[in-house]
Amino acid sequence: MPDIIRTTGDLQALDSAHHVHSFTDPTVIAGGKTRVVVRGDGCQIWDGDGRRFLDGMAGLWCVNVGYGRQELVDAASRQMAELPFYSNHFQSTTPALTTLAHELSKLTPDGLDHFLFTSSGSEANDTIVRMVRYFWKLQGRPAKRTFISRTMAYHGSTLAAASLCGMPHMHAMDGGTLPEFTHIPHPHWYLHGGDMAKEEFGLQAARALEQKILELGPENVAAFIGEPVQGAGGVIDPPSTYWPEIQRICRKYDVLLVADEVICGFGRTGEWFGAQAYGITPDVMSMAKGLSSGYQPIAAVAMNARVFETIGGGGLLAHGYTYSGHPVACAVALANIGIIAREGLVDRVRDDIGPYLHRALAKFEQHPVVGEVRGIGTLAALQLVKDKTSREIFSVEDGAGIFCREAAYDQGLIVRAVGQSIVLSPSLVITHAEIEELVDKLGKALDTTARHFGL
């Protein structure tokens, strides 16, 4: 029988002894600083000592419909009682899997009608690398293998997905990227636009893709991949001119356009998918997180007819996972999509709670430690700066982002630090009153940060 662990202290001690945490310095855990989260309801979570927190990150950008949804629990229970597992290998499917694929075909951007399921965004993006290279091989152009991504991009932590990432600390862990992955600068106007208008900078940033394609040779470039809004890179929402130019360049050189919707999908931007918010027509698209609101691990790759029909004519598709299209995860995803649709959460983000959030955060543009407030829908970021006039940001050594994150935690608010930015991604069900609470607690954390750094 498993041991019954009752106290927070006991859990922290055992956690330090046995659990290897993701994206965490193990020495911090060795100091007994594990945060033991035991319950959630709506946009609130509670730790093992009974303390309540407003979760400004919806878990990990994913609990779109909020915690405590009994409908999703019931969907999992029914499916587990009926059929807890069956594989989709070897010509098999389940009703939940096939129904989910059909429902997704009605929600995704036009033309994306074919779906391959995985269990995480990392697996989905790894899958895309294999599928795209296989597509070009079947097209008789096997040299088209290189993927172009962006600096500050995050696409996952499996081997290929980590190479798609544009984050130095991700590459440093195993000594760099795999071959045939490269990056262009990310389109953050505030940090890199100088005196240019946003629209002018957007065109310049997009044209770095054309330069890179010509440098590598179009015959060698398989795809460009990008999140509509770079989430884990700091909620970098591009100028309006950026994505139309990226799309024009991809079409000109016959480079597949891949939209990573792992964070942006399922309502975050005020559309079902970020591609729809920015007018992108991708050839291939990954999705995860909000697909089940985090209640079950599930992700998917969507393909258009050109990609699918080529791959579909290539014989055995030697790819997949044991849990691809897991029936319980699919049943929960279907129920989750039903909640989003029935409660009008996509429209709510676009017309109500998204604008309300950004109006409330706009007051921080005057704060001495904040240089920029940015974002779209229920995605937002505050750029922390040493000097508002020169746009000088804090250094890694200053650690202003981590300091502010911890100050917010002390106030009972969960936010995330990305570099020297504070990022937010609350559930789509957050209320006006909870946004006011969020802004009040974040304001106190910013004030503490400004005092600490003498601003």
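Quick note: the coordinates plus some simple rules give every number you see, no bench work behind them. As the structure is a prediction and not an experimental result, all values here were calculated from the model. Glycine also receives a Cβ, built like all others from the backbone with ideal geometry; neighbour counts cover every protein chain displayed.
Which shape class, rounded, prolate or oblate, goes with segment 154-307 when its Cα gyration tensor gives a ≥ b ≥ c as root eigenvalues, a/c under 1.5 marks rounded, and past that a/b bigger than b/c marks prolate? Walk me through the numbers on the way to the answer.
Values: a/c = 1.28, a/b = 1.15, b/c = 1.11.
It is rounded, given that a/c, with a ≥ b ≥ c, falls under 1.5.
Would you compute, from DSSP H runs of 4+ residues alone, the mean residue ellipticity of the chain at 222 nm, taking -39500 (n - 2.57) per run and dividing by the full residue count, rounded to the nearest 500?
Numbers: 18 runs with 182 residues, N = 455.
That calculation yields -12000 deg cm²/dmol at 222 nm.
From the mean inverse distance of alpha carbon pairs (Kirkwood) and the Cα radius of gyration, derive Rg over Rh for segment 71-342.
0.97
Just the C-alpha atoms of segment 1-145: what Rg/Rh do they give, with Rh taken as the Kirkwood radius?
Working: Rg = 21.1 Å, Rh = 19.9 Å.
Radius of gyration over Kirkwood radius for segment 1-145 works out to 1.06.
Sequence neighbours fewer than 8 away in the same chain don't count; with that in mind, list the aspartates and glutamates whose C-alpha is under 19 Å from residue 33.
10, 15, 25, 47, 49, 55, 406, 410
Between residue 305 and residue 366, what is the spin-label point distance in nm, taking each point 7 Å from the Cα along the Cα→C-beta axis?
Here the answer is 5.5 nm between the modelled labels.
For the cross-link pairs 289/444; 106/252; 198/289; 388/441, which exceed 25 Å when the distance is taken from alpha carbon to alpha carbon? Present the calculation step by step, with values, prior to reporting the outcome.
Numbers: 289/444 30 Å; 106/252 28 Å; 198/289 30 Å; 388/441 22 Å.
Correct reply: 289/444; 106/252; 198/289.
Restricting to Cα atoms and excluding each atom paired with itself, what does the Kirkwood estimate give for segment 308-455 in Å?
Working: mean 1/r = 0.0560 Å⁻¹.
About 17.9 Å, per the Kirkwood formula over Cα pairs.
Please arrange 18, 171 by how many other C-beta atoms lie within 10 Å of their C-beta, fewest to most.
If I rank by nearby Cβ atoms, fewest first, I get 18, 171.
State, to one decimal in nm, how far the label point of residue 173 lies from the label point of residue 6, with both points 7 Å from Cα in the Cβ direction.
3.8
I'm spelling it out carefully: the read-out is Kirkwood radius over Cα pairs in Å, the candidates are (1) 27.4; (2) 22.0; (3) 22.9, and one was derived from this structure. Which label?
Computed from these coordinates, Kirkwood radius over Cα pairs in Å corresponds to label (3).
Fully extended, how many nm does the chain gain between residue 143 and residue 85 (0.36 nm per residue separation, minus their Cα-Cα distance)? Before the final figure, lay out each step's value.
Working: separation 58, 0.36 × 58 = 20.88 nm, distance 3.93 nm.
Value of the extension gain: 17.0 nm.
Would you please put 268-277, 72-81 in order of how densely packed they are, using the mean number of other Cβ atoms within 10 angstrom per residue and starting with the highest?
Values: 268-277: 25.6, 72-81: 16.3.
Packing order, densest peptide first, comes out as 268-277, 72-81.
By DSSP, what percent of the beta bridges with both residues in the chain are antiparallel, rounded to the nearest 5?
65
What is the order of 19, 169, 183, fewest Cβ neighbours within 10 Å to most? Before the final figure, lay out the partial values.
Numbers: 19 12, 169 9, 183 21.
Fewest-to-most ranking of 19, 169, 183: 169, 19, 183.
Taking R0 as 51 Å, what's the FRET efficiency between residue 27 and residue 130 from their Cβ-Cβ distance, rounded to 0.05? If you can, show how the numbers build up before the last one.
Values: r = 36 Å, r/R0 = 0.71.
Between residue 27 and residue 130 the formula returns 0.90.
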